[in-house]
Amino acid sequence: MTSRRQLSKKSTRYLTLTAQIMFLLLLITTSPLASEEISISYDFGYPDIVSTNIGKAGAVRVTIDGTTLSGQPGAPLLPVAQARILLPPESMVKNIEIVTADKVSLGTGYILQPAGVPFKLSEPGSAQPPVADMEIYSSDKLFPGRFYDQVTIQEFRGY
């Protein structure tokens, strides 16, 4: 017959070993894997070009399904898509890579509609027609010169 003291020692060893294994499992499951990569694809349709009488004379507005138009006042109003991506806990964004399709020419001679200055809807008389920023519109450089802006990374309840 086994004494209570021997059972107590065996139980203590078993509980200690169980606690150590559970702690290791907890560490393994909560530590982010260095090789883990998240890949997300977005597909956009062909752009539509619509003539408009807003802003510069002969300006056009470019729209793409699944996007909204956005721009700083005076800069070209461009279609943009916002991405909200939930990352696993304790992970970090190390790199954003944009892979584009082949360029497609939409033609030449287009002047994109400039974005206007925001105004209060309760004061419609304060609305001003958009005025193009000539530093941007007279430049030979591509605008905006980048494919994305990383605006913010936020956390909520550990995610």
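Of note:
- Per-residue ³J(HN,Hα) for region 130-139, Karplus 6.51 cos²θ - 1.76 cosθ + 1.60, θ = phi - 60°, Hz, x for Gly and Pro: x, 10, 5, 7, 5, 5, 7, 5, 8, 7
- Residue exposure sequence - Asp48, Asp65, Asp102 - by fewest surrounding Cβ within 10 Å: Asp102, Asp65, Asp48
- Close amide-amide hydrogen proximity is noted between Phe143 and no other residue 5 or more places distant or on a separate chain, at a cut-off under 5 Å (H modeled in the peptide plane; Pro and chain starts excluded).
- Computed 3J(HN,Hα) for region 72-79, one whole-Hz value per residue from the Karplus formula 6.51 cos²θ - 1.76 cosθ + 1.60 where θ = phi - 60°, is 6, x, x, 8, x, 7, 10, x, glycine and proline marked x.
Bear in mind these aren't lab numbers, they're just calculated from the coordinates by the rules spelled out. Please read all numbers here as calculations on a predicted model, not as lab measurements. Using ideal geometry, Cβ is built from the backbone for each residue, glycine included, and neighbour counts are taken over all protein chains shown.
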